[in-house]
1. Read through the list (1) at pLDDT 95 or above; (2) of a type in the set (A, V, I, L, M); (3) on the phi < 0 side of the Ramachandran plot, then give the number of the only condition that A169 fails.
2. Would you mind stating whether H191 is in contact with a strand residue (DSSP E or B) (Cβ under 7 Å, 6 or more places away or on another chain) and open to solvent by 30 Å² or more (accessible area, probe 1.4 Å)?
3. Please verify whether G54 is open to solvent by 30 Å² or more (accessible area, probe 1.4 Å), over 23 Å from V212 (Cβ atoms) and at pLDDT 95 or above, treating the condition exactly as stated.
4. Take E231 and tell me if it is of a type outside the set (S, T, N, Q), more than 23 Å from F167 (Cβ to Cβ) and modelled with pLDDT of 95 or more.
5. Among the small types (G, A, S), open to solvent by less than 10 Å² (accessible area, probe 1.4 Å), touching a residue at least 12 places away in the same chain (Cβ under 8 Å) and not in a strand (DSSP E or B): does that describe A120?
6. Scan P174, P158 and give me the residue that is surrounded by fewer than 24 Cβ atoms within 10 Å (Cβ to Cβ), farther than 16 Å from A66 by Cα and either in contact with a helix residue (DSSP H, G or I) (Cβ under 9 Å, 6 or more places away or on another chain) or of a type in the set (F, W, Y) (or both).
7. For V264, all conditions in the list (1) of a type in the set (V, I, T); (2) in contact with a helix residue (DSSP H, G or I) (Cβ under 7 Å, 6 or more places away or on another chain); (3) assigned to a loop (DSSP other than H, G, I, E, B) hold save one; what is the number of the exception?
8. Which one is most open to solvent (accessible area, probe 1.4 Å) among residues in the range 203-220 that are in a strand (DSSP E or B) and of a type outside the set (S, T, Y)?
Amino acid sequence: MVLLGAAVLFAACDRTKKSTTETPKATVVLPAFDHDSAYAYVKAQTDFGPRVLGTEAHERCGDWLATTLRAFCDTVYSQHFTAKTYDGKQYPGTNFIGSIAPEKSKRIVLAAHWDSRPFADHDPLPANRETPIDGANDGASGVGVLLEVAHQLHENQPNVGVDIVFFDAEDYGPRESEHVPGDWWGLGAQHWAKNPHIEGYTAEYGILLDMVGSPNAQFMQEQFSMRDAQEVVRKVWSTAYDLGHGQYFQNKPGGVITDDHYYVNKYAPFKMIDIIHYDAASGTGFDPVWHTVNDNIQHIDRNTLGVVGTTLLQVIKNE
C-alpha cells in the first residue's frame, strides 16, 4: 500500500512536471465579424419581398443596397444595364460596386448576386412552381455577409483595396424543363466583366459567395474555380481550416457550377472562385430549399454566416 501510494504520488508529480513544461498551443483569434448583423442584412432584403427583375421590391431593395454600401465604402457605383432574358423580355438591371481604399493598386473583389428567382421551379408542390422566391439563401445570404464585411473593413482599413460587387439578374435563367440554348444566367456578371465600372479595371483575384447561409453548410471546392484559380481556392480553404472552420470548408471536390464567377473568368482579366454550398445527396447538388418557396429567412443560420465572414476577413488581412 505504501509503495503503491508512493508510485501514485510520483506519477502525479511527474504529470504535473510535464504539464508545466509543455508548450501551450496557439490561440486562434477570429477576426471581428457580427453574425447577428449579417443576419439582419439578410432579413432586410427578404423583407422587401422577392427581388425579381421588374418589380417594386427589386427597385426598393436596390435603393437600400446603394444607401447601405455608401455608409461603409469610399466610393459606390451603380452600373445600369438592360437584362435581356431567355423568354424574350427586357428588364432594367443594376450592378452595385462599393470600393474600399480605392487609391490602392492591389485589389480584391468580393461578390454576390442580389436578385431572386421569379419562379420556384424546383418546389416539391406543383402549385408553387410559378411563385417568386424570397432567395434568403440563394442571393441574400452572400449579400448579407458582404455588407457586414464592408462594415468591418470600414472600421479597420485593410492593407489592400477591396471592391464589393453585387450582381443583378443572376437568377432569371430558364426553368429546368425549358431547353433554351445560350448564356441566360449571370446576366449582371456578364455585363460587368465585359464593361467594368472603371475602364481597364483588374484585381488580384475575386471571391464569389452564393448560398452561404444554410445550417451546417458544406463548401466543397467548386470545379470551375479549381480549373481557373486553384491557388485562390487553396488560399481560402487553408485560411478557413486555420480558423477552425474545416467542418464547413471541406477539402473535397464539389460540383461544376455555372455561376457568376464563370462569366467573370470568361471575360474579365482576373480569376474568381465560388464559395457555394454543395449537397450531393439533395438530387440537385444544392440546398434542399434551392429554388423553392422555402428558401426564406427561417432557413438562414447565423453561425454559417459568421464562418464565411470571418474567413473572408482573414483572407483580406493575410494580404
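The values are calculated or read from the model by the stated rules, or taken from the named source; none is laboratory data. The shown structure was predicted, so the numbers you read here are calculated from the model rather than taken from an experiment. Quick reminder, even Gly has a Cβ in these numbers, built from the backbone with ideal geometry, and neighbours come from all protein chains shown. Side chains included, ligands, DNA and RNA excluded: accessible areas come from the protein's heavy atoms. Shrake-Rupley method; radii C 1.70, N 1.55, O 1.52, S 1.80 Å.
1. (3)
2. Yes.
3. On the way: open to solvent by 30 Å² or more (accessible area, probe 1.4 Å): yes; over 23 Å from V212 (Cβ atoms): yes; at pLDDT 95 or above: yes.
Considered against the rule, which asks whether it is open to solvent by 30 Å² or more (accessible area, probe 1.4 Å), over 23 Å from V212 (Cβ atoms) and at pLDDT 95 or above, G54 comes out as yes.
4. Values: of a type outside the set (S, T, N, Q): yes; more than 23 Å from F167 (Cβ to Cβ): yes; modelled with pLDDT of 95 or more: yes.
In short, yes.
5. On the way: among the small types (G, A, S): yes; open to solvent by less than 10 Å² (accessible area, probe 1.4 Å): yes; touching a residue at least 12 places away in the same chain (Cβ under 8 Å): yes; not in a strand (DSSP E or B): yes.
Answer is yes for this residue.
6. On the way: P174 fails: either in contact with a helix residue (DSSP H, G or I) (Cβ under 9 Å, 6 or more places away or on another chain) or of a type in the set (F, W, Y) (or both).
P158 is the lone residue from the list that is surrounded by fewer than 24 Cβ atoms within 10 Å (Cβ to Cβ), farther than 16 Å from A66 by Cα and either in contact with a helix residue (DSSP H, G or I) (Cβ under 9 Å, 6 or more places away or on another chain) or of a type in the set (F, W, Y) (or both).
7. (3)
8. Step one: list which residues in the range 203-220 are in a strand (DSSP E or B), which gives 205-210, 219-220.
If we keep only those that are of a type outside the set (S, T, Y) too, we end up with 206-210, 219-220.
Details: G206: 0, I207: 2, L208: 2, L209: 2, D210: 5, F219: 0, M220: 22 Å².
Ranking the qualifying residues of the range 203-220, first place goes to M220.
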